[in-house]
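What follows is a set of notes on a single structure, which appears directly below.
What follows draws every value from the coordinates through simple rules; no lab data is involved. Not measured: the values here are computed from a predicted model. Cβ: placed from backbone, ideal geometry, glycine included. Neighbour counts: every protein chain shown.
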Amino acid sequence: MTNTDHLETLPRPTRQRRAIAAVLDQADDFRSAQEIHEVLRAGGDSVGLSTVYRTLQAMADAGQIDVLRSEAGESVYRRCSTTHHHHLVCRSCGATVEIEGPAVESWTRSMAAHHGYRDIAHTLEIFGTCASC
């Protein structure tokens, strides 16, 4: 995926949307809307916080970024791989590792089938403290 491929399904790739996408492309860890807004302001971009929130939500809805709730309940965002995966997140430094969970996938399908559910989706984030912390 190139830096602009993810903008194709969003309405009008405006200067603000491109700036937000660029911040996400450069970040290795999950960032809050406020953190992204601060990076933009520090770089001289005049993007409003509400625009940052709207753009992040549109990107998440389009499947272009991952969003998870931190342990504090805040939504945080990150550009991730396009395949289904889960996250192992450090409580201390925020370092994140994308992980696959075949047992989770099997259990999810089994539980859904057992209860008659179809067209299922799920997320899984595991919080802990990384080896560096």
**Request:** Please give the net charge around ARG78, taking every other residue with its beta carbon less than 9 angstrom from that of ARG78, where Lys and Arg add +1 and Asp and Glu add -1.
**Result:** -1
**Ordering of 15-28, 114-127, 35-48 by packing [mean C-beta count within 10 Å, highest first]** = 15-28, 35-48, 114-127
**Asked** Rounded to the nearest 500, what is the chain's calculated 222 nm mean residue ellipticity when only DSSP H runs of at least 4 contribute -39500 (n - 2.57) each, over all residues?
**Response** -11000 deg cm²/dmol
**Asked** With the dipole of the chain worked out from charges on the C-beta (+1 for Lys and Arg, -1 for Asp and Glu) around the Cα centre, which of SER46, CYS80, PHE30 lies farthest toward the positive end?
**Response** SER46
**Prompt:** Which of the peptides 92-105, 59-72 is most tightly packed, and how do the rest follow, judged by the mean count of other Cβ atoms within 10 Å per residue?
**Reply:** 59-72, 92-105
**Prompt:** Remind me, relative contact order of the chain in percent, using alpha carbon pairs under 8 angstrom and six or more residues apart?
**Reply:** 21 percent
**Complete:** Sequence order, segment 58-66: Karplus ³J(HN,Hα) from phi using 6.51 cos²θ - 1.76 cosθ + 1.60, θ = phi - 60°, Hz rounded, Gly and Pro as x, gives 5, 5, 5, 4, 7, x, 8, 9, 9
**Item:** Phi-based couplings in Hz for segment 39-44 (Karplus 6.51, -1.76, 1.60; Gly and Pro marked x)
**Value:** 4, 4, 4, 5, x, x
